[in-house]
Every structure is written in C-alpha cells, then in structure tokens.
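Asker: Dumping the structure here so I can ask a few things about it.
Just so it is clear, none of the values below were taken in a lab; they were calculated from the coordinates. These figures come from a predicted structure and were not determined experimentally. Don't worry about glycine lacking a Cβ; one is built from the backbone with ideal geometry, like all the others, and counts go over all protein chains shown.
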Amino acid sequence: MICFSSIYLKSMEFTTAEPFLHKGLLQSFELTKYILKTNVYPREPSPLKELREVTAKHPGNFMSTTPDSGQLMGMLLKLINAKKTIEIGVYTGYSLLLTALSIPHDAMIIAIDPNKETYEIGLPIIQKAGVEHKINFIESQALPVLDKLLQNLNNEGSFDFAFVDADKENYLNYHERLLKLVKVGGLIVFDNTLWGGTVAQPEEAVSEDRKESRRSIIEFNNSVSIDQRIEIALTPSGDGLTICRRIR
C-alpha cells in the first residue's frame, strides 16, 4: 500500500486529465490507470465525464467521488432497484448525478450539503442530463435535516439507499440516523473509510491536518465492524468504500 502523501505527489502531473488518481489505494499508479481506462472510463456516461472534467478544474477536486467508486455505486443502486435515496455531502455533484442516472424516472434523492455554490458548478450538467427533477437539494448541515426527517415516523425505514461523503467526525452520528431511515435490506455507503491508507499507519507518521479525521474514521470502522444491525463490506475502491446492508 502506498501512503496518501506519496500518491498525491505522484498524481500532480495527472491533475487535469485524471484528477482522481491521488485517491487510489492500489500498489501502483499504472494499475489504477489501467482499471480506469479499461473498465471505468469506457462505460462512464457522457454527463458524468463532462462533470468529472469540470470538477478537475476546481481546486477542491480531491473531494469528489472517484469514478471507480461511482461505477460500483451505480451497480448497487440498480441491484436493489433504489427509488428513494439520501446523499450527505454533494460537492459538485458527481455521485449525485451518478445516482440520478442510475435510479428510475420517478425516483427521488434528498441531497444535503452546506455549500450550494459547489453544487451549482455541476447543476447545468445535471439539468442537461434531464435528471434535476429527481433531486431535492437542501443547503444545510446534515444532522438537522436527518433529525427533522425522523420527526415524521413515516420516514422511518422508507429509504432504499444512502451515500455519505461528508465530515468524517460525524460518520457515526450519520450512521445511527440513517439506520432508522433506511429500510431493512437497504444500503448505506460511506466514502473515504481508508483515509488515504493512513488508518493502517502509525499516528506519528500521519500529517497533523489528517489526524483528527483519521481518528474518526478508525472509530467508525471499529464500530461498524461489530454492529449486529448491519452486514458490511469495506472495499479498497477509491479512498475506501464501506457498504453497509441493514439487516435489523
């Protein structure tokens, strides 16, 4: 495994054409590029490609969902025939657009993010793709929105799928609320659960700006690993993708 700092430095030359390589956790850049170029990019819908390229020009492009993780999410959404979903953390909307393209015409997404400006970067592409009608974007911190949803008992167990790519310090708080909102058999997917590989490194080897989130991710990983309400699979896709299936 290559540490995050090494990956980030090596990826700088690919920032424009391949902005997500720095999140890869495979043993080599060449292998990550191989997967993207042979399996992911050829099947990436044109609206997603356009949004990926627009996002690559934004200084925060590292926050976007990686295309390989998106490909996996799209398959999961279709496998469970998701029609009602929640997304916490939107950024420019790559994962949001992917979800909207993957679910039926009459399906819906509640998308929550405190930064509407970055969402509006991708909004013209979402509109052009003809899926804006599926999206209810809420400009807010996520916890108040989730708590408000839970005030209506009809919302409990009514969602098929949830995706979380937001502040890591609240992952456990999101998890507890989403377990009430997502139905038995539904999926909750958390991004960045390997945190650039730092979860397996000694704390003294981790940069100061990553330590707090690393601790939160480790706490989250330890908690869900023994949570009897879910089945889990932690995949090394992108920056680590934890798939939780509610079973009780």
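Asker: Run the reach check for Lys128 against lysines, Cα to Cα strictly under 24 Å, same-chain hits fewer than 8 apart removed. What comes back?
Answerer: Lys49, Lys57, Lys78, Lys83, Lys84, Lys116
Asker: Relative contact order of segment 50-128, please, whole-number percent, based on alpha carbon pairs below 8 angstrom and at least 6 residues apart.
Answerer: Across segment 50-128, relative contact order equals 36 percent.
Asker: Another question, then. Please turn the phi angles of segment 135-152 into ³J(HN,Hα) values with the Karplus equation 6.51 cos²θ - 1.76 cosθ + 1.60 (θ = phi - 60°), one per residue in order, whole Hz, x for glycine and proline.
Answerer: Per residue, the Karplus-derived 3J(HN,Hα) values read 10, 10, 7, 10, 7, 5, 5, 6, 4, x, 5, 4, 5, 5, 4, 6, 5, 9 Hz.
Asker: For Leu241, which sequence-distant residues (separation of 5 or more, or a different chain) have an amide H within less than 5 Å of its own amide H, given hydrogens modelled in the peptide plane?
Answerer: For Leu241, whose amide H was placed from the backbone, the distant partners under 5 Å are Thr193, Thr235.
Asker: Now for a different question. Using the Karplus curve 6.51 cos²θ - 1.76 cosθ + 1.60 with θ = phi - 60°, what ³J(HN,Hα) values do you get for each residue of segment 43-56, in whole Hz, with x for Gly and Pro?
Answerer: 9, 6, x, 4, x, 5, 4, 4, 5, 4, 5, 5, 5, 4
Asker: Continuing with the same structure: Between Rg and the Kirkwood Rh of segment 42-90, both from Cα atoms, what is the Rg to Rh ratio?
Answerer: The Rg/Rh ratio comes out at 1.00.
Asker: Report relative contact order for the chain in percent, whole number only (criteria: Cα-Cα under 8 Å, sequence separation at least 6).
Answerer: For the chain, the relative contact order is 18 percent.
Asker: Among Leu79, Leu178, Leu98, which one shows the biggest mean-square fluctuation in a GNM of the chain, springs joining Cα atoms closer than 10 Å?
Answerer: The residue that fluctuates most here is Leu79.
Asker: Under 12 Å Cα to Cα from Lys33, which aspartates and glutamates show up? Leave out anything in the same chain fewer than 8 places away.
Answerer: Those aspartates and glutamates meeting the cut-off are Glu18, Asp68.
Asker: Next question, about the same structure. Using only helices, what value at 222 nm comes out for the chain when you add -39,500 (n - 2.57) per DSSP H run of length 4 or more and divide by the total residues, to the nearest 500 deg cm²/dmol?
Answerer: -12000 deg cm²/dmol
Asker: Hey, another quick one. Per the Kirkwood definition applied to all pairs of different Cα atoms, how many angstroms is the hydrodynamic radius of segment 125-198?
Answerer: 13.9 Å
Asker: Still on this structure: Whole-Hz ³J(HN,Hα) for each residue in segment 166-173, computed from phi via Karplus 6.51 cos²θ - 1.76 cosθ + 1.60 with θ = phi - 60°, x for glycine and proline: what do you get?
Answerer: 9, 4, 5, 5, 9, 4, 5, 5
Asker: In addition: Find which of Val145, Asn170, Ile243 sits farthest along the positive direction of the dipole of the chain, computed with +1 on the beta-carbon of Lys and Arg, -1 on that of Asp and Glu, about the Cα centre.
Answerer: Ile243
Asker: For Lys180, list the aspartates and glutamates whose Cα falls under 17 Å from its own Cα; do not include residues on the same chain fewer than 8 positions away.
Answerer: Answer for Lys180, where 17 Å is the Cα cut-off: Glu87, Asp147, Glu156, Asp160, Asp227, Glu231, listed by chain and number.
Asker: Can you say what percent of the DSSP beta bridges in the chain, counting only those with both residues inside, are antiparallel? Round to 5.
Answerer: Numbers: 11 of 30 bridges.
About 35 percent, rounded to the nearest 5.
Asker: In 10 Å bins starting at zero, report the fraction of Cα pairs in segment 77-154 per bin as a rounded %.
Answerer: With 10 Å bins starting at 0, P(r) equals 20, 50, 28, 2.
Asker: For a Förster distance of 30 Å, can you work out the FRET efficiency between the beta-carbons of Gln127 and Lys83, rounded to the nearest 0.05?
Answerer: 0.90
Asker: Let me test this: with uniform point scatterers at the alpha carbons of segment 166-240, what is the Debye-based log₁₀ I(q)/I(0) at q = 0.22, 0.27 1/Å?
Answerer: -1.03, -1.41
Asker: How long are the three semi-axes of the equivalent ellipsoid for segment 46-204, computed from the Cα gyration tensor as the root of 5 times each eigenvalue, in whole Å, largest first?
Answerer: Computed over segment 46-204, the values are 22, 21, 15 Å.
Asker: Pop a pseudo-label 7 angstrom from the Cα along the beta-carbon direction at both Gln201 and Asp227 and give the gap in nm to one decimal.
Answerer: Each label point lies 7 Å from its Cα, and together they span 2.6 nm.
Asker: Output the relative contact order of segment 107-248, whole-number percent, from Cα pairs under 8 angstrom with separation of 6+ residues.
Answerer: That works out to 22 percent.
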